[in-house]
There are 4 protein chains.
Amino acid sequence: MNSFGRIFRISIFGESHGPMVGITIDGVLPGIELTMADFEDKLQRRKGGILPGTTPRKEEDTPIFVSGLFNDKTTGAPLTIVFENKNVISKDYEELRKIPRPGHADFVASQKFNGFEDYRGGGHFSGRLTLCLVAAGVVAEKIISHFSPSVNIQSSIIEIGGDKEIESAIQKAIDAQDSIGGILECKISNLPIGVGEPFFDSLESLISHAVFAIPAVKGIEFGSGFHAAKMKGSEHNDALIDESGKYASNHAGGIAGGLSNGNDVVFRIAVKPTSSTPQVQNSLNTHSGEVESFSIKGRHDLCIALRVPPVLESVSACVIADALLIKL
Amino acid sequence: MNSFGRIFRISIFGESHGPMVGITIDGVLPGIELTMADFEDKLQRRKGGILPGTTPRKEEDTPIFVSGLFNDKTTGAPLTIVFENKNVISKDYEELRKIPRPGHADFVASQKFNGFEDYRGGGHFSGRLTLCLVAAGVVAEKIISHFSPSVNIQSSIIEIGGDKEIESAIQKAIDAQDSIGGILECKISNLPIGVGEPFFDSLESLISHAVFAIPAVKGIEFGSGFHAAKMKGSEHNDALIDESGKYASNHAGGIAGGLSNGNDVVFRIAVKPTSSTPQVQNSLNTHSGEVESFSIKGRHDLCIALRVPPVLESVSACVIADALLIKL
Amino acid sequence: MNSFGRIFRISIFGESHGPMVGITIDGVLPGIELTMADFEDKLQRRKGGILPGTTPRKEEDTPIFVSGLFNDKTTGAPLTIVFENKNVISKDYEELRKIPRPGHADFVASQKFNGFEDYRGGGHFSGRLTLCLVAAGVVAEKIISHFSPSVNIQSSIIEIGGDKEIESAIQKAIDAQDSIGGILECKISNLPIGVGEPFFDSLESLISHAVFAIPAVKGIEFGSGFHAAKMKGSEHNDALIDESGKYASNHAGGIAGGLSNGNDVVFRIAVKPTSSTPQVQNSLNTHSGEVESFSIKGRHDLCIALRVPPVLESVSACVIADALLIKL
Amino acid sequence: MNSFGRIFRISIFGESHGPMVGITIDGVLPGIELTMADFEDKLQRRKGGILPGTTPRKEEDTPIFVSGLFNDKTTGAPLTIVFENKNVISKDYEELRKIPRPGHADFVASQKFNGFEDYRGGGHFSGRLTLCLVAAGVVAEKIISHFSPSVNIQSSIIEIGGDKEIESAIQKAIDAQDSIGGILECKISNLPIGVGEPFFDSLESLISHAVFAIPAVKGIEFGSGFHAAKMKGSEHNDALIDESGKYASNHAGGIAGGLSNGNDVVFRIAVKPTSSTPQVQNSLNTHSGEVESFSIKGRHDLCIALRVPPVLESVSACVIADALLIKL
């Protein structure tokens, strides 16, 4: 399923080494102002080659508006945005194909698509497609702010490689020449009460569904999350203190019964270490049938988690935009 | 959205204190044998009143087949199963209504549905609806075993209140007269490679979507999960050692690129402590506008996590049945 | 797919000779008043045994509210309504099974569901399920009138067996002891402009999708319909004369570009003659492999079209309710 | 909703006068060979400027493969195909805007999208988007032939302006300088028995849903269609004569109970006269508030029906591809 959402509905397409990646957004309100400048900040934050530990592959990442925009305003028709893949070096991948890269989708993609998948650079599984998610997120935030101007979605890195000191953690990884993972937190403030739909579209269900579409995410927890399992009811329960939706605490992460409860919606995600590590690894050579040692060359992030915050904000925004439209 | 799934599609309905709760399953293959006996084991495991720490409310929980079954075999038409609510004492709830119970959906439901919700016993938000999920799960497992007989879905409690000794943990909760949470693990064995659909229907996305529909779940992690965020790439990557899908490790929890990779699919969920604790708590009296102390009377589980394993297996089975049908 | 709609979403279940037929409606607003009396008129109009030419099978057709209703008001949770099948004589069908009845789904159902279908009385293909559509239609009309009180949906028979004199046409059929078809018209008045969604959810697409779920419907045309194909552009085009959506004519049937244009939405449907005719017919005896002559016994309508008007109004109401909610 | 289908799922985007129109197809099998040559025949048949009575606007209409294709074979990832809009003259439309063209979506689009729609050349409502449907149809036919090689979908014009002599009918329209409509028939041969899904996804429902997305279609009938309403049951019923799905007649148009019955699926559609007629017409000048006489200049088809056959085949193919995949 390349689509997500019921009213604000996104459909993604493209591969890392094809001509372009893109996204079509259906259900966009007409009259929303949208210019290249709206995309700059989030795209910049996602971009590699800037932070230490991120890939030196440089892409211009300029959004091209294919449809749904006229005189810098959305028309209400499907909005399609594409990004050209310019800085592509495909020959790196031809040789590697016979040895599926550990941690990557190479092996499962080949099994699922009978060897017809575009294997270059991860193809449709590439992290490059998160660029499209970010573009959709920018549009989603515009729609959210149309209905609920005070809603704010903010994501940050809270831990890299188990270390709360992020810069030194990255330096350690660079020194060790090994990739590392991280934990991000996302906070959605000022969300109206009652966003989310029983029974199957709890806000946790919707957010987690979207979040696990981001490559490398392996866990999500809301509020106290896994720690809640160690708590007593009397500790965990958030006491309502004001009918506007104020509570004495926020162990529930702003969601009760699957619905936003007035508190900040707070969740954390676990991002695994980048699969492409410079270290020597083992994998099966599917031609020879032997397990071989090899190491991955190429331009890769040591810590993909560093680039995930704007992506996390974006998929969250897509969920919230859709859920808000349904609630209304 | 009371529906979930694309081909094997479930639609749930009912409230805790209405005449019945039920589920309709669309996309069921014809000719699947189905009798009351098939449901007994999972329903029994879910039932309260047996384990210490579970509610003494006793329901017969006998599935009634309303449609889609003929001569003990599925017909291919929508399969509807209902359970009558017999052992209901509604007057407990009338009085409590003005003070939303902390941790429950009372307040958000009232806000979302403008006070028209059936507030008795949690209404449509009640854990009683998980009974329907279990019924769907039984059917889903039958369909899975039709296509992939060796698939096995098993869920177990691995921690209660932070304690690996489950019985003593429950005793502690009984002694303290306070509710507690827990952690469950679910393992899906012998799943074919390639189950799940890029981009938005990663197996993690589908499972988490369904799992967060279970009341009280606040976190999910696959494979090494949150611990993966502390690992190095060279540690975390699972080396393929055999083309049938065998690996030297299973840090990815059996899912790569959002697709089953041949390893056991393994994930853990965090269940918060039962919201209804016997302890004195604070909440807003919405009539007086004052925060009051009160305690919840009634027949409640001290540890709802104890009853979740068959529910977790069931929603997992629903996801797998649907994903298998789509893959085929 | 037993479901239809995106926000106002109906899911149907049941068979003619099972314990009950029913429908679950998701996306119902909370606080809509709903009592048995609301259903009486439409159910009465659909009922057999009253008009000449309709079946003498008598059912009480009393709606039973299973969920989503509390104190005579909708709660916002899924609304399930069932109807018991009381007046059922199943033995009629056992004998007939080996000879698929011409015009019925017997043969195709048996092929599709490998002989496991509930073959009694048409099973899930029975016209009895239209009872559930009518129930959903009653709810849909309540929701429509909540948002657009002046919308009116009215359906009538305009032709039976090619004859505009309906009573005499029916008498002719009774005399000839042969079933007949008919043509119905449906008019939706005072619909706001712009209902329907490009590209694939044109109002014609949505209405026709729902209408062809009614058994026996074989054609639909909007406005001038098939006659439009014989017209010139200068004749067919409806000239706008007022910005509120008034036109000099209504050849388009109130729909332009797939959207309601302010005119009455007008369409006609063709209902084939009841498949169960008292006349001697031929069909294959699937046991002997021989084509045999036989005639259908049982309690059947000579002209099923007579009972379709409230069903047609109801599916139209479901479409409009959903499309209105999406537009808003 | 810019998407259609459940497994073989198409999402359309673009406007007549934007940079391009396109379509994304999800659920495409990997390994299907696809080259530019596969598209030539259908695109050529759809193209204007060749038949008398069609627009002299000339587009190259070359499909550009944006994703999902690698080494001339589908990869299993979303397949996106775009067509550039090269031969565009926008200034024609600026002036006309204040007077909504009769028969067009101008007025309703402006109302629905608050004046933000791209009004040039019909924008997203333009017949140019049928180009994308044709591209999807080519892919759909490839998938159908992968599973059921003998299925054949063929559409033809059977009547223009009420005249069975098509060439002379067109000449009459040219002479009269007025646009005309027409009737098309589509036949789907050798379809397996049982395609379509009860209750709401009858084959008639699916086909009509898709067909009414084609601009200018105002009616559809299956088999005897509207004529069936004049028939007796003993005449209309098709007698089964062979268990492989052979019948003595085909009044049902190959569909019983909403499922393909083994006969050819046969249906006809009514196409209204092209809205843009050279004749003088009346419409409201929305600036002055006066009804004015005017005539439409520009390059338009006198008989759009002439270009619809490949489009009709294509949407039918999309429906059948999806329904076949679901049946399997």
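Overview of results
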{"item": "Filtered residues of the stretch B:30-52 (kept if more than 19 Å from the chain's Cα centre (by Cα), more than 9 Å from every other protein chain (Cβ to nearest Cβ) and of a type outside the set (Val, Ile, Thr))", "result": "B:GLU33, B:LEU34, B:MET36, B:ALA37, B:PRO52"}
{"item": "Test: residue in the stretch D:109-130 that is closer than 25 Å to D:ILE269 by Cα, more than 13 Å from every other protein chain (Cβ to nearest Cβ) and in contact (Cβ under 8 Å) with a residue 24 or more places away in the chain", "result": "no"}
{"item": "Checklist (1) touching a residue at least 60 places away in the same chain (Cβ under 8 Å); (2) within 22 Å of the chain's Cα centre (by Cα) applied to B:GLY223, failing item", "result": "(1)"}
{"item": "Breaking point among (1) facing chain C (nearest Cβ under 7 Å); (2) over 22 Å from the mean Cα position of the chain (by Cα), for D:ASP201", "result": "(2)"}
{"item": "Scope the stretch B:183-193; condition in a loop (DSSP other than H, G, I, E, B) and either surrounded by fewer than 24 Cβ atoms within 10 Å (Cβ to Cβ) or out of contact with any Leu (no Cβ under 9 Å at 6 or more places or on another chain) (or both); matching residues", "result": "B:ASN190, B:PRO192, B:ILE193"}
{"item": "Residues being part of a loop (DSSP other than H, G, I, E, B), at pLDDT 70 or above and surrounded by fewer than 19 Cβ atoms within 10 Å (Cβ to Cβ) - total across the stretch B:43-69", "result": "3"}
{"item": "Per-region count, the stretch D:227-278, residues aromatic (Phe, Trp, Tyr) and more than 24 Å from C:TYR119 (Cα to Cα)", "result": "1"}
{"item": "Output for the stretch B:246-301, where each listed residue is at the interface with another protein chain (Cβ under 8 Å from one of its Cβ atoms) and of a type in the set (S, T, N, Q)", "result": "B:SER260, B:ASN261, B:THR274, B:SER275, B:SER276, B:THR277, B:GLN279, B:GLN281, B:ASN282, B:SER283, B:THR286"}
{"item": "Members of the stretch D:157-182 that are in contact (Cβ under 8 Å) with a residue 60 or more places away in the chain and either part of a loop (DSSP other than H, G, I, E, B) or within 7 Å of another protein chain (Cβ to nearest Cβ) (or both)", "result": "D:GLY161, D:GLN177, D:ASP178, D:SER179, D:ILE180, D:GLY181, D:GLY182"}
{"item": "Selection within the stretch B:212-227 - more than 7 Å from chain A (Cβ to nearest Cβ) and open to solvent by less than 10 Å² (accessible area, probe 1.4 Å)", "result": "B:ILE214, B:VAL217"}
{"item": "Check on C:THR286, among the β-branched types (Val, Ile, Thr), within 23 Å of D:ARG268 (Cα to Cα) and in contact (Cβ under 8 Å) with a residue 24 or more places away in the chain", "result": "no"}
{"item": "Filter result for the condition that a residue is within 28 Å of B:HIS236 (Cβ to Cβ), aliphatic (A, V, I, L, M) and over 17 Å from the mean Cα position of the chain (by Cα), over A:ILE99, A:ILE143, A:ILE81", "result": "A:ILE99"}
{"item": "Residue tally, condition over 12 Å from A:THR24 (Cα atoms), at the interface with chain A (Cβ under 7 Å from one of its Cβ atoms) and in contact (Cβ under 8 Å) with a residue 60 or more places away in the chain, over the stretch D:10-29", "result": "4"}
{"item": "Failed condition for A:ASP72, given (1) in contact with a Leu (Cβ under 9 Å, 6 or more places away or on another chain); (2) closer than 24 Å to B:VAL195 by Cβ; (3) surrounded by fewer than 24 Cβ atoms within 10 Å (Cβ to Cβ)", "result": "(2)"}
{"item": "Residue in the stretch D:234-242 that is of a type in the set (Asp, Glu), within 30 Å of D:ILE160 (Cα to Cα), more than 7 Å from chain C (Cβ to nearest Cβ) and in contact (Cβ under 8 Å) with a residue 60 or more places away in the chain present", "result": "no"}
{"item": "Residue satisfying all of: in the stretch C:19-39; open to solvent by less than 10 Å² (accessible area, probe 1.4 Å) and not in a strand (DSSP E or B); farthest from C:LEU206 (Cα to Cα) among these", "result": "C:LEU34"}
{"item": "The stretch C:166-184, residues that are over 20 Å from C:PRO310 (Cα atoms) and not hydrophobic (A, V, I, L, M, F, W, C)", "result": "C:SER168, C:GLN171, C:LYS172, C:ASP175, C:GLN177, C:ASP178, C:SER179"}
{"item": "In the stretch D:161-173, the residues that are farther than 14 Å from C:HIS236 by Cβ and surrounded by 14 or more Cβ atoms within 10 Å (Cβ to Cβ)", "result": "D:ASP163, D:ILE166, D:ALA169, D:ILE170, D:LYS172"}
{"item": "Wholly within the stretch A:228-328, strands (runs of 3 or more DSSP E) carrying at least 2 residues that are buried (at least 21 other Cβ atoms within 10 Å of the Cβ)", "result": "A:265-271, A:281-284"}
{"item": "Members of the stretch B:84-108 that are more than 14 Å from chain A (Cβ to nearest Cβ) and at pLDDT below 85", "result": "B:ASN87, B:VAL88, B:ILE89, B:SER90, B:LYS91, B:ASP92, B:TYR93, B:GLU94, B:GLU95"}
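Matching residues to (1) open to solvent by 10 Å² or more (accessible area, probe 1.4 Å); (2) small (Gly, Ala, Ser); (3) farther than 30 Å from B:ALA37 by Cα:
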residue	(1), (2), (3)
B:ARG101	yes, no, yes
B:HIS104	yes, no, yes
B:GLY122	yes, yes, no
B:LYS142	yes, no, no
B:SER145	yes, yes, no
B:ASN152	yes, no, no
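The values are calculated or read from the model by the stated rules, or taken from the named source; none is laboratory data. Just so it is clear, the structure is predicted and the values come from calculations on it, not from any experiment. FYI the Cβ positions are ideal-geometry reconstructions off the backbone, even for glycines, and counts take in every protein chain you see. Just the protein is used for accessible areas: all its heavy atoms, side chains included, with ligands, DNA and RNA removed. Shrake-Rupley method; radii C 1.70, N 1.55, O 1.52, S 1.80 Å.
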